[in-house]
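All remarks here apply to the structure that follows.
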Amino acid sequence: MAPAAAVQSRPVKIDVHTHILPERWPDLVERYGYPGFVRLHHYAPGQARMMIGDAAFREIDDRCWSPQRRLADCDAAGVDVQVLSTVPVMFSYWARPADGYDLARLLNDHIAGVCREQPRRFVGLGTLPLQDPELAIRELERCVRPADRGGLGLAGAEIGTHVEPNEYTGRDRVWNLDEPALFPVFARAEQLGAAIFVHPWDMMGKERMPKYWLPWLVGMPAETCLAICSMIFGGVFERLPKLRVCFAHGGGSFAFSIGRIEHGFRVRPDLCAVDNPVNPRAYVSRPDGGTRGPDGMTGPQASQFWVDSLVHDADALLYLIRVMGPERVCLGSDYPFPLGEPTPGRLIASVGGLDGRVRDRLLWGSACEFLGDAAAPSLSAWAANGDGVVGRDRSG
């Protein structure tokens, strides 16, 4: 037991949105026999480029692969638990199904290994070969199966906002998340109690946005809103009421477009209500039509899905809380990338007028509910008392 002076009491922070890669992996072009896969070019100590062919995709550093560097940053920012998921470009939904499955297993084994080394600090989400729903279900089952039963003990999976065409399967169209072929994946996730984290990628309209980083600034919010609307209008949440899904980047533009989305549903049900007759607002508001209390809390009649807090603006966060309820907003930073929040939780701390219950929901409580039972062993070390404050042994 550490001496009393080494124990600090403060709010818990669980960051549901962080990305990780192995420091090295096999040459995937050589492994699978065709181009398009990402490789890492380590050009200096602690520095690397993600390369696709001869083109540089992104500069990264050892925060992407070093658990020690990651833990040091967590300690500096007061983050207790990070939820680890791969970098979305690694999804590789365009690849042959067998190769996508093999790559998912490689990445998931790595994430599970990092979590096993630091079970109090890291919770893992796997990646799935969604180009083949049967293989995706097989890997999801392995991801969430406990380690003592031959699984990885992860909390669930990260998926993209859509699945692009795949020449190897002969599919020439995009699958949005209402695609009937994907429904069995979501149904199995509900059965397994697996958390699903949806991250935008390969943004729609990118061919019209070659400058100014607009695919990330404009395309990402729209891409995420499209994913949410697809699941709502497609009846996924209606058919799977216990499915736990969290959308990155504050749910994109969804909360700020909900008025327009609902209005469209009302005035053109012939176009909007073709697969689900339920008003979209029902999935983010109390079904009895009541209003939220002065602190924004709604109790058990909460929104049906979660979003992270990464909206970069205090007024936007307040509005997001008003629409979704704090019980459906989780701290998320997008660590370690530049569009993320440099100090996770600082935006939440900057918002005045939040009472303690709301603050704790945003910093850790909502994350615990989203992650569910699979993450309970990792999160139990941070179980809060009635004030949502824990004693943390800073000596290790």
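The values are calculated or read from the model by the stated rules, or taken from the named source; none is laboratory data. Please read these numbers as outputs of a predicted model, since none were measured by experiment. Heads up, the Cβs are rebuilt from the backbone with ideal geometry, glycines too, and the neighbour counts pull from every protein chain shown.
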Conditions (1) free of Cβ contacts under 8 Å to residues at least 40 places away in the same chain; (2) under 21 Å from Arg244 (Cβ atoms); (3) in contact with a strand residue (DSSP E or B) (Cβ under 9 Å, 6 or more places away or on another chain): number failed by Val174 = (2)
Over the range 85-139, the set of residues surrounded by fewer than 19 Cβ atoms within 10 Å (Cβ to Cβ), in a loop (DSSP other than H, G, I, E, B) and not charged (D, E, K, R) is Trp94, Gln118, Pro119
Those residues of the range 251-276 which are assigned to a loop (DSSP other than H, G, I, E, B) and under 28 Å from the mean Cα position of the chain (by Cα), in sequence order | Gly252, Ser253, Ala273, Asp275, Asn276
Sole miss for Pro377 among (1) touching an Asp or Glu at 6+ places or on another chain (Cβ under 7 Å); (2) at pLDDT below 95 is condition (1)
Residue match in the range 11-18 (condition: among the hydrophobic types (A, V, I, L, M, F, W, C), outside any strand (DSSP E or B) and either in contact (Cβ under 8 Å) with a residue 24 or more places away in the chain or in contact with a strand residue (DSSP E or B) (Cβ under 9 Å, 6 or more places away or on another chain) (or both)) | yes
Qualifying positions in the range 162-203 - touching a Phe, Trp or Tyr at 6+ places or on another chain (Cβ under 7 Å), under 19 Å from Asp99 (Cα atoms) and in a loop (DSSP other than H, G, I, E, B) = Glu164
Which residues, counting only those in the range 54-86, are among the polar types (S, T, N, Q) and under 19 Å from Ala44 (Cβ atoms)?
-> Ser66, Gln68
Which is under 20 Å from Phe254 (Cα atoms), in contact with an Asp or Glu (Cβ under 6 Å, 6 or more places away or on another chain) and modelled with pLDDT of 95 or more, of Leu331, Leu320?
-> Leu331
Working only within the range 160-171, note down all residues that are touching a residue at least 60 places away in the same chain (Cβ under 8 Å), surrounded by 14 or more Cβ atoms within 10 Å (Cβ to Cβ) and either of a type outside the set (Phe, Trp, Tyr) or in contact with an Asp or Glu (Cβ under 6 Å, 6 or more places away or on another chain) (or both).
-> Gly160, Thr161, His162, Val163, Glu164, Pro165, Asn166
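One line per residue, one yes/no per condition, for (1) buried (at least 16 other Cβ atoms within 10 Å of the Cβ); (2) within 22 Å of Ser366 (Cα to Cα):
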| residue | (1), (2) |
| --- | --- |
| Leu21 | yes, no |
| Val29 | no, no |
| Tyr32 | yes, no |
| Pro45 | no, no |
| Ile52 | no, no |
| Arg70 | yes, no |
| Cys74 | yes, yes |
| Gly78 | yes, yes |
| Gln82 | yes, yes |
Could you give every pair whose Cβ atoms fall below 7 Å, whose first residue belongs to the range 334-356 and is within 14 Å of Val83 (Cβ to Cβ), and whose second residue is of a type in the set (Ser, Thr, Tyr) and modelled with pLDDT of 95 or more, counting only separations of at least 6 or pairs across chains?
-> Tyr335/Thr18; Gly340/Ser333; Pro344/Ser333; Pro344/Tyr335
Collect the residues in the range 216-275 that are touching an Asp or Glu at 6+ places or on another chain (Cβ under 7 Å) and of a type in the set (A, V, I, L, M), keeping them in residue-number order.
-> Met231, Val236, Leu240, Leu243, Ala248
